[in-house]
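J.: The structure is given below, and queries will be raised subsequently.
The values are calculated or read from the model by the stated rules, or taken from the named source; none is laboratory data. A quick note: this is a predicted structure, and the numbers were derived from the prediction, not measured. All Cβ positions, glycine included, derive from the backbone under ideal geometry; neighbour counts span all protein chains shown. Side chains are part of the model used for accessible areas, which takes the heavy atoms of the whole protein and leaves out ligands, DNA and RNA. Shrake-Rupley method; radii C 1.70, N 1.55, O 1.52, S 1.80 Å.
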Amino acid sequence: MTPTVKLLIDGRFVDSTTSEWRDVVNPATQEVLARVPFATRDEVARAVDSAKAAFATWKKTPIGARARIFLKYQQLIREHMKELAALLTAEQGKTLADAEGDIFRGLEVVEHAASIGNLQLGEYAENVAGGVDTYTVQQPLGVCAGITPFNFPAMIPLWMFPMAIATGNTFVLKPSEQDPMVTMRLVELALEAGIPPGVLNVVHGGPEVVDALCDHPDIKAVSFVGSTRVGTHVYQRATLSGKRAQCMMGAKNHAIVLPDAHKEQALNQLVGAAFGAAGQRCMALSVAILVGEARQWIPEIVERARALKVGAGKDNPDLGPVISAAARERIAALIGKGVEQGARLELDGRNLTVPGYEKGNFVGPTILAGVKPGMAVYDQEVFGPVLCLMEADTLDEAIALINANPNGNGTAIFTQSGAAARRFQEDIDVGQVGINVPIPVPVPLFSFTGSRASKLGDLGPYGKQVVLFYTQTKTVTSRWFDDAASSGKVNTTISL
Ligand code: NAD
């Protein structure tokens, strides 16, 4: 019997009563690991009701008690790291080492949630008028919801529910239907750490469940990570029904390689960031602009990419399979279209077979040179192990190319010139910038700050911004009468 993925409603893991199910498939073998339900409207409503009821007590739970749950939770995640990584690799495909990285980056946000006592603080001003003080408190919103993508099934759910719950909200999570198992194991550990019944709920499904969450009047905020198409829909639908929304979406991340770069370091980092996780990272470097003499480094980039080992994630190669057969076909079609539209195929990863895993969704590292805007492989997010090479004569020309691309998730420059790096940092219109750092995902002391078409909503996940996202500011102006000093006169003017 294939196991079923459960819903979590009111502290209990339950089987869905739906008739609609989907298989969770190992992308290296096509083995069916589990069946995931598409929850019914009634199940979504029950999850929200449970979160709403739990909010009444959870919002009053002392901040130290909330923080201690996340202290315990981070310890439990550490203790289960190997087990979690194996599960993640089986259903998602990435290598075991990368799976541990996925979990670790989420674990850092759990640690951040454990320090909520230093984060959810108000402001205080004494004597804003004689004997009058004003202060603010950051109060939780109520029920919040999270919708997550397939590519980081540990990190991204952990971007969401720990900070939402630590700030005093209750939560309904809708994980990716493609790889929900590691997310559910993390949810089990969260309950073991002490999250009370109803404070965290999980429903599974696709568009209908997402729309039900966006529309539900008792949900106050929605956090989404995924593609630009779906994120735009979620943002519009959630805000139309009066919710706060933050949507972190698709990307096309460019690196600029200047000829004065530390060549060895730059090329290794570029290749790692283009092909790691089979290119299925929203911060993958999928375009490199080679400036001036750096154009001559193409053969060395190709040589490094060719040397990468592709295989099943559990064998810890350099890259594993892509998530599904459909994704593999889409990636292959975009490579073909790139060639048709005039790009030079320097390395072709299509039609790759891995011995022992003949059914796996493998795509090997692929490099297209002479890529130009207007080609489908450039205009669309490939989300596979495909690196597009472009050329420019100057740094300014390269910056202009990046600023003309609609996406603004991440970018990097490789150079040994401080002046060039500084100009890049100042002039580039992208939210996350790496200087000799290929995938500049900020640690949770800061926030994730994609920009332009890569993000909708003002406030990012984790860091200080997410505390503002998950709370509302209440401003209190107070005066305590001192009888001896009171004049007893009625005051009808506006001043205090
Ligand atoms: P996706 O948009 O297909 O799915 C994301 C979520 O939306 C899933 O939970 C899915 O069930 C749901 N969904 C799918 N279609 C829907 C629809 N029509 N209506 C409502 N909900 C729907 O994304 P994905 O393929 O799972 O993930 C890859 C994408 O996520 C890439 O574009 C990647 O760049 C992006 N991503 C962005 C970030 C970031 O921080 N900016 C991080 C990780 C991934």
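J.: Let me know the charge dipole size of the range 418-496 about its Cα centre in debye, to the nearest 20, where only the beta-carbon of Lys, Arg (+1) and Asp, Glu (-1) is charged.
T.: Computed charge dipole of the range 418-496: roughly 80 debye.
J.: Follow-up question, since we're still on this one. Using the Karplus curve 6.51 cos²θ - 1.76 cosθ + 1.60 with θ = phi - 60°, what ³J(HN,Hα) values do you get for each residue of the range 62-76, in whole Hz, with x for Gly and Pro?
T.: Values per residue, Gly and Pro as x: x, 4, x, 5, 5, 4, 5, 4, 6, 4, 5, 4, 5, 5, 5 Hz.
J.: May I pose another question? Among L141, A97, L158, flag the residue with its Cα farthest along the positive direction of the charge dipole of the range 23-167, charges on Cβ as +1 for Lys/Arg and -1 for Asp/Glu.
T.: About the Cα centre, the residue reaching furthest to the positive side is L141.
J.: Would you mind checking which residues have amide H under 5 Å from V172's amide H? H placed 1.01 Å from N; only 5 or more apart, or other chain.
T.: So V172 has HN proximity to C144, A145, G146, N201.
J.: So how strong a dipole does the range 322-383 carry about its Cα centre when Lys and Arg Cβ are +1 and Asp and Glu Cβ are -1, to the nearest 20 debye?
T.: 40
J.: Let me have the relative contact order for the chain, percent, based on Cα pairs under 8 Å that are six or more residues apart.
T.: 18
J.: With Kirkwood's inverse mean 1/r over C-alpha pairs for Rh, give me the Rg to Rh ratio of the range 374-474, two decimals please.
T.: Reported Rg/Rh (Cα atoms, Kirkwood Rh): 1.02.
J.: Between 0 and 90 degrees, rounded to the nearest ten: what's the tilt of helix 81-92 against the longest Cα principal axis of the chain?
T.: So the helix axis and the longest Cα principal axis differ by about 60 degrees.
J.: Let me ask another. Rounded to a whole number of µm²/s, how large is the Stokes-Einstein D of the range 114-260 at 20 °C and 1.002 mPa s, given Rh as the Kirkwood radius over C-alpha pairs?
T.: Once the numbers are plugged in, D ends up at 125 µm²/s.
J.: HN-Hα J couplings of the range 33-45 from phi, Karplus 6.51/-1.76/1.60, θ = phi - 60°, integer Hz, Gly and Pro as x?
T.: Coupling constants for the range 33-45: 8, 6, 10, 10, x, 9, 4, 7, 4, 5, 5, 4, 4 Hz.
J.: State the percentage of accessible surface on the chain attributable to carbon and sulfur atoms; use a 1.4 Å probe and exclude ligands, DNA and RNA.
T.: Exposed carbon and sulfur together represent 53 percent of the surface.
J.: Please list, ordered by chain and number, the residues whose modelled amide H lies under 5 Å from the amide H of T4; skip anything fewer than 5 residues away on the same chain.
T.: Here R35 satisfy the definition.
J.: Spin-label point model (7 Å from Cα, Cβ direction): what's the V476 to D379 distance in nm?
T.: Label at V476, label at D379, 5.6 nm between them.
J.: For the chain, what does the accessible surface come to per residue with a 1.4 Å probe? Please give it in Å².
T.: Per-residue value: 42 Å².
J.: Taking the convex hull of the Cα atoms, report for the range 43-107 its projected area averaged over all directions, in nm².
T.: 6.0
J.: Another question about this same structure. How high is the FRET efficiency between S324 and R344 when r is their beta carbon distance and R₀ equals 30 Å, given to the nearest 0.05?
T.: For S324 and R344, the calculated efficiency is 0.60.
J.: Per residue of the range 198-210, what does 6.51 cos²θ - 1.76 cosθ + 1.60 with θ = phi - 60° give for ³J(HN,Hα)? Whole Hz please, x for Gly and Pro, Karplus curve as stated.
T.: Each residue's phi maps through the Karplus curve to give x, 6, 10, 10, 9, 10, 10, x, x, x, 5, 5, 4 Hz.
J.: Continuing with the same structure: On the principal axes of its Cα set, how long, how wide and how thick is the range 173-304? Give whole Å, largest value first.
T.: 59, 36, 22
J.: Now a separate question. How are the Cα pair distances of the range 258-342 distributed, in percent, across 5 Å bins from 0?
T.: 3, 12, 19, 23, 21, 13, 7, 2, 0
J.: Go ahead and estimate [θ] at 222 nm for the chain from helices alone: -39,500 (n - 2.57) per DSSP H run with n ≥ 4, summed, over the residue count, rounded to 500.
T.: -11000 deg cm²/dmol
J.: Among bridges DSSP assigns within the chain, what percent are antiparallel (round to 5)?
T.: 40
J.: When the distances between all Cα atoms of the range 285-427 are binned every 5 Å from zero, what whole-number percent does each bin get?
T.: 2, 9, 18, 20, 19, 15, 10, 6, 2, 1, 0
J.: Quick query: amide H of L347 versus all other amide H atoms, modeled in the peptide plane; which residues come in under 5 Å with a sequence gap of 5 or more or a different chain?
T.: Counting only residues 5 or more places away or on other chains, the set is I367.
J.: Let me ask you something else. Can you give the three extents of the C-alpha atoms in the range 367-431 along their principal axes, from longest to shortest, in whole Å?
T.: Computed over the Cα atoms, the extents are 33, 23, 20 Å.
J.: Another one. What number does the chain give for Rg over Rh if you use C-alpha atoms and the Kirkwood radius?
T.: With Rg and the Kirkwood Rh in hand, the quotient comes to 1.03.
J.: Next up: Under a point-charge model restricted to the Cβ atoms of Lys and Arg (+1) and Asp and Glu (-1), what is the dipole moment magnitude of the chain relative to its Cα centre, in debye to the nearest 20?
T.: Its charge dipole is roughly 740 debye.
J.: What order, most packed first, do the peptides 295-304, 256-265, 168-177, 385-394 have when packing is the mean number of other Cβ atoms within 10 Å of each residue?
T.: Highest mean packing first, the order is 168-177, 385-394, 256-265, 295-304.
J.: OK, next. Residues of the range 154-175 with amide nitrogen under 14 Å from the 7 Å Cα-to-Cβ point of T61?
T.: Output list for this probe position: 161-172.
J.: A 19 angstrom limit on the alpha carbon distance is what I want to check against. Which of K309/K337; K337/K372; K59/K220 exceed it?
T.: K309/K337
J.: Sticking with this structure for a sec: Per residue and in Å³, how big is the convex hull formed by the alpha-carbon atoms of the range 425-496?
T.: In the range 425-496, the Cα convex hull volume per residue is 213 Å³.
J.: Here's another thing I want to ask about it. Once the Cα atoms of the range 173-249 are picked out, what are the Rg and Dmax in Å?
T.: Using the Cα atoms of the range 173-249, the pair Rg, Dmax is 13.2, 37 Å.
J.: Determine, for each peptide in 422-432, 87-97, the mean count of other beta carbons within 10 angstrom over its residues, then list the peptides with the highest first.
T.: Those peptides, ordered most packed to least, come out 87-97, 422-432.
J.: Related question: What FRET efficiency comes out for D42 versus T4 if R0 is 22 angstrom and r is the Cβ-Cβ distance? Round to the nearest 0.05.
T.: E between D42 and T4, to the nearest 0.05, is 0.75.
J.: Where does the range 53-187 land on Rg/Rh, using Cα atoms and the Kirkwood Rh?
T.: Across the range 53-187, the Cα-based Rg/Rh ratio is 1.10.
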